[in-house]
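Report on the following structure.
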C-alpha cells in the first residue's frame, strides 16, 4: 500500500510549492531515492527544472525533464501527465489531481499551500487516498 504524506505549508502560491518540492527532492536524493515530480503542465515542469538548479546556493540536485524515449540518466525526473520510465521510490505530486498509476509508488508527497483553492483540492485528494485505504500522514511545515 502506498504511503501518502501531505506537507502543509504556511505560505501560499505555486512558487512556494515548487520551492518545497525542490527541498524535498534534494533530501530524498541524498537518501539515495529516485524521484519523479509531476507538474500540472509543460511550463510548470520547465520552471521547476530551472528552479532545481538555483533554489539553494551550493546544492546539486541531478535531474532531467521527462521526455519519451530511453531510460532517464538522472535519479530525479520532472514531467506532466506522464509516468516515469523507471521504477521510482517517491512521487512528488504538484498537479491538482491524483495521477494515474500513483499506487505503483511506495511513497507519494502532496504539497499543500495556504491558499483556499489549493487546500480545497488537496482535501479532495486526501479523501480519495483515505477511501482507497492508503496510509496518510500530515506534516505542518
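The numbers here are math on the coordinates, done by the rules we state, and not lab data. From a predicted model like this one, the values you see are computed outputs, not experimental measurements. No Cβ is skipped: glycine too gets one built from the backbone with ideal geometry, and neighbour counts run over all protein chains shown.
Descriptive notes on the structure:
- Compactness of region 74-126 as Cα Rg over 2.2 N^0.38 Å, two decimals: 1.19
- Approximate spin-label separation residue 89-residue 104, in nm, with each point projected 7 Å along Cα-to-Cβ: 1.9
- Whole-angstrom gap from region 87-141 to region 1-47, using each part's C-alpha centre: 11
- Extension gain for residue 123-residue 57 works out to 20.4 nm (0.36 nm per residue, less the C-alpha to C-alpha distance).
- Helix-derived mean residue ellipticity, 222 nm - over the chain, DSSP H n ≥ 4, -39500 (n - 2.57), to 500: -10500 deg cm²/dmol
- The eigenvalues of the Cα gyration tensor, multiplied by 5 and square-rooted, give region 3-140 an equivalent ellipsoid with semi-axes of 22, 18, 14 Å from largest to smallest.
- Relative contact order (%) - the chain, alpha-carbon pairs under 8 angstrom, separation at least six: 41
- Pairwise label distance in nanometres, residue 131 with residue 115, each label 7 Å out on the Cα-Cβ vector: 2.6
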